[in-house]
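Working notes, structure below.
The values are calculated or read from the model by the stated rules, or taken from the named source; none is laboratory data. Since we're looking at a predicted model, the values are computed, not measured. Backbone-built Cβ (ideal geometry, glycine too); neighbour counts: all protein chains shown. Just the protein is used for accessible areas: all its heavy atoms, side chains included, with ligands, DNA and RNA removed. Shrake-Rupley method; radii C 1.70, N 1.55, O 1.52, S 1.80 Å.
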Amino acid sequence: LCMGRYPQREITGRIPLAKTSATRQMKIGELARRSRLSERSLRHYEDLGILNPERSDGGTRTYGERDVVLAKLIQNMRDLDIPLEVIASIAGVRAHHSTGAGSSQEVAARLGELSDTLMLMARLAIELQGEVNSVLSAVNECRGCKNKPSRSGCPTCPMNTVSETSPLADMIWRGEPA
């Protein structure tokens, strides 16, 4: 299903960046491998000002451990459909101000908007998870059932009852005559 888009991966949470400040430098290919992002995406993030690699004397992009952490954060944000424009605006907002006061006000405003969006998404996800669990419980009761999987084929099917109150169950049963 949607697991291809959201592969199971470890949620990194808060990573102490002080522990990622090793001087070891890597090229874009290694960053791509470690972050599971394409080199093209990483270059695009640089063009947007989200990633800021150092350059070697020969002009080669070089990255550190902090960039691995940042690339994973960007991917987590993208997995939540946060637009790159929003991510770039947050990444670049501080540089557009001459004082900390102006910068902090705009950073706070942008982060507040992002927080509100994430809270709404979390509420919607929790609501949808409840809906999925309710329907899944009814579906699990049908295991081993020999009747036709339809309203008319199995009048005592738990899905008949659940579909009366659940839009998800109704969507699954939709098109089937009552």
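Worth a mention:
- Within the stretch 165-178, being open to solvent by 70 Å² or more (accessible area, probe 1.4 Å) and outside any helix (DSSP H, G or I) holds for Thr165, Arg174, Gly175, Pro177, Ala178.
- The residue that is surrounded by the fewest Cβ atoms within 10 Å (Cβ to Cβ), among those in the stretch 106-164 that are polar (S, T, N, Q) and closer than 30 Å to Val93 by Cα, is Ser115.
Residue-wise test of (1) over 30 Å from Asp47 (Cβ atoms); (2) over 18 Å from the mean Cα position of the chain (by Cα).
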| site | (1), (2) |
| --- | --- |
| Ala88 | no, no |
| Ser98 | no, yes |
| Leu124 | yes, no |
| Lys146 | yes, yes |
| Pro155 | yes, yes |
| Thr161 | yes, yes |
| Ile172 | yes, yes |
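- Filtered by the rule that a residue be within 19 Å of Gly92 (Cβ to Cβ), open to solvent by 70 Å² or more (accessible area, probe 1.4 Å) and in contact with a helix residue (DSSP H, G or I) (Cβ under 9 Å, 6 or more places away or on another chain), the stretch 21-47 gives Arg43, His44.
- Qualifying residue in the stretch 35-44 (condition: in a loop (DSSP other than H, G, I, E, B) and either farther than 23 Å from Val86 by Cβ or of a type in the set (D, E, K, R) (or both)): yes
- Among the criteria (1) of a type outside the set (Gly, Ala, Ser); (2) in contact with an Asp or Glu (Cβ under 6 Å, 6 or more places away or on another chain); (3) modelled with pLDDT under 85, the one His96 does not fulfil is (2).
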